[in-house]
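Student: One structure is given below, represented as C-alpha cells, and several questions about it will come after.
The values are calculated or read from the model by the stated rules, or taken from the named source; none is laboratory data. All values reported here derive from a predicted model rather than from experimental measurement. Note that we place each Cβ from the backbone using ideal geometry, even for glycine, and neighbour counts take in every protein chain shown.
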C-alpha cells in the first residue's frame, strides 16, 4: 500500500487512526492492534509474501532469546547469516549467478524471476542490528509482541527510516500512557510532516520524474545535448531527494500520529560542503548503520589512513550493492568511496575552499554519480556523462528537443519551460529553504487556523493523487 495512494489516505489511515485514538485499549491490546494493521498494510501489495515477514520476525526473536539465555556466539552468527542469506537469495541470486554463468559459458541465464519482498532490506537490517547489539551487550530480550511491533510497525516497515531497538522500545510505555494534549500535539505535527512529505513526493518528486524519466529513456538510443544531459541529471538528483525524503517525512509523521518518534533521515543534504558532510545528511539511518556495523568492523579510522581508505571503499562498494543488484550500483558506491577517501586526504592536508565553491563542487559530484545510479548500464552512464562534461558546438549548447508534455493535464507552458521552471524551484528549495524538521519547529502548539489549513492541504493532495499514485523509488528495496 502506497502512502500517496487514495486507499491509504482516504480509507486506511483515517480508520486506523480513529480506532487507535478513540477506542479504549490496554497497552497490550494497542500493541496487537498496531501489529495487525501493519500486517494488513504489508499484505495489501502481495499477501503471498506475508509469511516471509512473519517467519523472519519469529526466527530472529527465537535466536535472540536463545542467545540471551546462554550467550552462544554460533547461534547469534547463525541468525546474522540467515538474515543475509534471505537478502542474498531474493535480491542477488539472479545477479551473481547470471554473471558467473556468463564468465563460465558466455551464455545467457534464465532468471528465476524471484519477486523482491517489500522492505526486505530495511526490516532485515533492523534485525541484524539488534542481534549484533546483543553481542555487544547493548540490547536485551524483549517480549514477542513488543519485538514484533518494532520490526513490523507500518510507518517504517517498507523503506525506513532504519530504527534501532533502543530508539523504539523505550517509547512504548510513554506512548501508551501519554496525555491527550500530548497526543493531539504530536498528531498535529505528524499530519504537518505528512503533508510536507506528500507535497515533496506528489508535486516535486513526481514532477521532476517527467523530465528525468523521459530524458534517461531517450538517452539509451540518442545522444543528449549538453543542456538535456544536465537537465536529466539534476532532475533525477532532485527527484530521488524529494521522493525519498518525502517518504521519510511521511513515515515520521505517521509514527508521530500514533505517538512514536522515528529518527530523522535527511538533513538538507544538498547544502553539504563536502562528500563527508553529504553522507552525514543523506539517508542518515543507513549511513549510521553501515558506519556502526560495517565500517567500524572493518577497522574504521583506528589503524592508519591506508586501512581507513580501504575500509571506506569496501563499505561504499557494499553500500552500492545494497541499493540494487547491478554493476552500476556497485560503480556508484565505489565512486562515492573513492570520493570520500579523497575528501579525507584533503582534510589531512588541510585544504579549505570557500563555502560556495565547496558546496558547488560537492553538488556536481553528487549529480554526476547519480547519473551512474540511474543508468541502465555503463554505456548508458558514459553517454550522459560525456554529454554533461564535453562542451559541444555553441548551437547545440542550449538545445532541448526530446521532452514531451504530461498526458494527465493540459500543459501550462512548453515541456522544456515547465521542466526548467520546476528544476529551478527544486534547486531553490533544497539550497535556500529550511528542511522539514526546521519547518515543523515553527508550528505553534495552539492555532485555530492550522487544522483548517491541514485539512485543505490533505484533501488537495488526495485530489492530485487521483491521477494515479506513483511508486516511491525505494518502494521495493
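Student: Suppose the filter is under 24 Å from residue 120 (Cβ atoms) and buried (at least 16 other Cβ atoms within 10 Å of the Cβ); does residue 328 pass it?
Tutor: yes
Student: Going through 38, 121 one at a time, which residue ends up being in contact with a helix residue (DSSP H, G or I) (Cβ under 7 Å, 6 or more places away or on another chain), under 16 Å from residue 149 (Cα atoms) and in contact (Cβ under 8 Å) with a residue 12 or more places away in the chain?
Tutor: Exactly one of 38, 121 is in contact with a helix residue (DSSP H, G or I) (Cβ under 7 Å, 6 or more places away or on another chain), under 16 Å from residue 149 (Cα atoms) and in contact (Cβ under 8 Å) with a residue 12 or more places away in the chain, namely 38.
Student: Given the residues 163, 115, which is the only one that is within 16 Å of residue 255 (Cα to Cα), not in a helix (DSSP H, G or I) and not assigned by TED's automatic domain parsing to the domain that holds residue 288?
Tutor: Residue meeting the stated conditions: 163.
Student: Collect the residues in region 233-282 that are at positive phi and modelled with pLDDT of 95 or more, keeping them in residue-number order.
Tutor: Once the filter is applied, which keeps residues that are at positive phi and modelled with pLDDT of 95 or more, region 233-282 yields only 268.
Student: Suppose we filter 204, 238 for residues that are in the same structural domain as residue 426 (by TED's automatic domain parsing), part of a helix (DSSP H, G or I), touching a helix residue (DSSP H, G or I) at 6+ places or on another chain (Cβ under 6 Å) and surrounded by fewer than 23 Cβ atoms within 10 Å (Cβ to Cβ); which single one remains?
Tutor: 204
Student: Please enumerate the residues belonging to region 166-177 that are part of a loop (DSSP other than H, G, I, E, B) and within 26 Å of residue 284 (Cβ to Cβ).
Tutor: Within region 166-177, 170, 171 qualify.
Student: Do you know which residues across region 320-331 are touching a residue at least 24 places away in the same chain (Cβ under 8 Å) and more than 16 Å from the chain's Cα centre (by Cα)?
Tutor: 325, 326, 327, 328, 331
Student: Residue 55: surrounded by 14 or more Cβ atoms within 10 Å (Cβ to Cβ) and assigned to a helix (DSSP H, G or I), yes or no?
Tutor: Considered against the rule, which asks whether it is surrounded by 14 or more Cβ atoms within 10 Å (Cβ to Cβ) and assigned to a helix (DSSP H, G or I), residue 55 comes out as no.
Student: Next question. How many of the residues making up region 59-84 are touching a residue at least 60 places away in the same chain (Cβ under 8 Å) and either within 22 Å of the chain's Cα centre (by Cα) or under 18 Å from residue 126 (Cα atoms) (or both)?
Tutor: Total meeting the criteria: 7.
Student: What are the residues in region 293-318 that are touching a residue at least 40 places away in the same chain (Cβ under 8 Å) and either surrounded by 17 or more Cβ atoms within 10 Å (Cβ to Cβ) or closer than 19 Å to residue 164 by Cα (or both), if any?
Tutor: Within region 293-318, just 293 meets the criteria.
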